[in-house]
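Q: Questions regarding the structure given below will be posed in turn.
The values are calculated or read from the model by the stated rules, or taken from the named source; none is laboratory data. All values derive from a computational prediction rather than experimental measurement. So basically every Cβ, Gly included, is an ideal-geometry build from the backbone, and we count neighbours across all protein chains shown.
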Amino acid sequence: MDRRPPTMRMIKSHSHWITCTIALLLALVFTIPDLVHSWPSGAPESSCDNLSPRHGNNRGKTSSPPYTLTQSHSDYHSNDRVKVVLRAPRGISFKGLIVQAYDPVTNLPIGSFQSGRGLKTIDSCSAVTHTDRRGKRAATLVWVAPPKSGKVNFKATVVQRFSEFYENMNAIVDPNA
């Protein structure tokens, strides 16, 4: 039984309430900027120019990414399909992605992606992005060639978390992709 006078018990209770309120406000202050500047439903069309996620003042990582980006082949004919796979190593996931198809000679976007579960296309720049911010271990994409023949390459930005992302990832050809 607490033998302190009622005034002291009220002061302690009020002090606890103030501490909890301050902790909640601090949590909101540090969380809201991430929510305001992140793209939980996918990269916007404005990301097409350089595939940058524009996550505040955060910069893309310059170290080797832990992820692999592969494409089934680089030569295509009219309406061919190229499989592109983004994969995370064991124990790591990613929350966001934007992958773009481009002509390696002109560097211009080409073709289009098929939409799929958890993916949305950005047809104006031959790209595909995520539709939610859940952790992902892999993404399998299907690119559809334009009505001509040529070569295609793929580049990506992969977001591990808001402050950690890898830009300028280039796909490697893997016939087993």
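Q: Looking only at residues in the stretch 139-157 that are crowded, with 16+ Cβ neighbours inside 10 Å, within 19 Å of the chain's Cα centre (by Cα) and at pLDDT 95 or above, which one is farthest from L108 (Cα to Cα)?
A: This residue is A139.
Q: Please indicate, with yes or no, whether at least one residue in the stretch 149-163 is in contact with a Pro (Cβ under 9 Å, 6 or more places away or on another chain), aromatic (F, W, Y) and in the same structural domain as L97 (by TED's automatic domain parsing).
A: yes
Q: How about the stretch 76-177: which strands (runs of 3 or more DSSP E) wholly inside it have at least 1 residues that are in contact with a helix residue (DSSP H, G or I) (Cβ under 7 Å, 6 or more places away or on another chain)? Break it down stepwise before answering.
A: On the way: elements: 81-87, 96-102, 119-122, 127-130, 138-144, 153-161, 164-170.
It comes to 96-102, 119-122, 127-130.
Q: Please indicate, with yes or no, whether at least one residue in the stretch 164-174 is among the acidic types (D, E) and over 18 Å from the mean Cα position of the chain (by Cα). It would help to see each step written out before you state the result.
A: As a first pass, look at the stretch 164-174 and keep what is among the acidic types (D, E): 164, 167, 174.
Keeping just the survivors that are over 18 Å from the mean Cα position of the chain (by Cα) gives 174.
Yes.
Q: With the structure loaded, tell me whether T70 is surrounded by 16 or more Cβ atoms within 10 Å (Cβ to Cβ) and in a strand (DSSP E or B) or whether it fails that test. Working first, answer last.
A: Numbers: surrounded by 16 or more Cβ atoms within 10 Å (Cβ to Cβ): yes; in a strand (DSSP E or B): yes.
Answer is yes for this residue.
Q: Have a look at A127, A156, A139 and point out the one that is touching a Leu at 6+ places or on another chain (Cβ under 7 Å), under 16 Å from D103 (Cα atoms) and among the hydrophobic types (A, V, I, L, M, F, W, C).
A: On the way: A127 fails: touching a Leu at 6+ places or on another chain (Cβ under 7 Å); A139 fails: under 16 Å from D103 (Cα atoms).
The unique qualifying residue is A156.
Q: Check the stretch 139-159 and report whether any residue there is under 13 Å from Y67 (Cβ atoms) and without any contact (Cβ under 8 Å) to a residue 60 or more places away in the chain.
A: Scanning the stretch 139-159 turns up at least one residue that is under 13 Å from Y67 (Cβ atoms) and without any contact (Cβ under 8 Å) to a residue 60 or more places away in the chain.
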